[in-house]
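Structure record follows, encoded as structure tokens.
Rule-based calculations on the coordinates, nothing more; no lab input. Small disclaimer: the values here were computed from a predicted structure and weren't measured. No Cβ is skipped: glycine too gets one built from the backbone with ideal geometry, and neighbour counts run over all protein chains shown.
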Amino acid sequence: MADETLLDILKRRGISRRSFLQFCAATTSLLALPPSMAAVVAESLGKVRRPAVIWLSFQECTGCTESLTRAHSPSIESLIFDAISLDYHHTLQAASGHAAEEAREQSMKADWGNYLLIVDGSIPLKDGGVYSTIAGISNLQMLEEAAAGAAAIVAVGTCAAFGGLPHARPNPTGAVAVSDIIKDKPIINVPGCPPVPAVMVGVLAHYLTFGSLPDLDALGRPRAFYGESIHDRCYRRPFYDQGKFAKTFDDAGARDGWCLFELGCKGPTTHNACATTKWNGGTSWPVQSGHGCIGCSEPDFWDAGGFYKALSTPVDSVTGAATAALAVGAAAGVAIGIANRQRKARARAEHQTVTIADLEK
């Protein structure tokens, strides 16, 4: 079975080629690639042979593992995770104790220089790293050993990407992010507390397809998912532009879907794909459920001034009719929106549209 390709595995699991191609087309769109790349994604993913993956969990709550490995239904996304050779994950693997650590060491030796290393959780450095150990090995030592033979590293969750909750003041364990320690390997940060499952699937699909990391922003996050703010993608944004803000979580404005900015929503300063990708199979996301964004995909979000304290705003608090300044801003937003729609329309026209029928040829 070691020589099976991903497409072979999916066929054996009852996934048709057509469903696979539909997944590839959706993934291409999710990664903000032109439609013509869908055929490339399908061809590359179809030929992939179970890549070795070592998953290290350090100072964390297991929420990232719960998020990324729990499928809402038998889906091709979950089978993507089944198709990789997850050689070590001490939360999920059947082996324990010496057998578990032997599996990690054997995988590193067999695939040295080629395996993908996934890390969730921060790494404590204070007092020699004694505050988190696995099999008597400090997180720091285990990370450095595993990173040495990795082709690339994916820091999953805000703890691994930026330090997260353990890094919050007063940071008693000296917790740091993966990128604070490893400087000689490509690292992609997939923050969130926890991250959106589809984002991790997209990152993995990109790596398997192109053998490289996707385009990253200044914080090492994939632009396809973190390139825009929650605020820009939020369905409540029109109410913000109109100056309509909920004052409490149970007032008439909240029930009518008004903006939660004054209740502490951090959407304007948070970059993530929650508003478009959503959670639980696309069912909902925190703002849709009535709670403001807490900014969990940003560095130091635990210390950012309180989850229910409004961000400072360039306009006065709006009561009644919108102020003239807000009206000007809304007008500018409309003009920008029109320009963006025209630009996207031109971009679509420039790229060849690939249909499922085209991919099946």
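Key figures
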item: When the convex hull of its Cα atoms is projected in every direction, mean area for the stretch 230-313 (nm²); result: 5.3
item: Length gained when the stretch A135-I181 is fully extended (0.36 nm per residue, less Cα-Cα span); result: 14.5 nm
item: Gain on full stretching of the segment that runs from D217 to H98 - 0.36 nm per residue minus C-alpha separation; result: 38.9 nm
item: Modelled label reach - D303, point 7 Å along Cα→Cβ, the stretch 153-173 residues with backbone N closer than 17 Å; result: 158-173
item: Inter-label distance for T248 and E228, nm, one decimal - labels placed 7 Å from Cα along Cα-to-Cβ; result: 3.4
item: Calculated FRET efficiency for the pair A110/A168, C-beta based, R₀ 45 Å, to 0.05; result: 0.70
item: Size of charge dipole - the stretch 226-298 - debye, nearest 20, with Cβ of Lys, Arg +1 and Asp, Glu -1, no other charges; result: 100
item: Mean separation of Cα contacts under 8 Å, 6 or more apart, over the residue count of the stretch 230-313: relative contact order %; result: 32
item: Label point distance in nm, S19-R49, each placed 7 Å from Cα along Cα→Cβ; result: 2.6
item: Per-pair calculated FRET efficiency, R0 = 41 Å: D127 and A26 via Cβ, rounded to 0.05; result: 0.30
item: Taking the stretch 50-226 and dividing mean pair separation by its residue count, relative contact order in percent (alpha carbons under 8 Å, at least six apart); result: 23
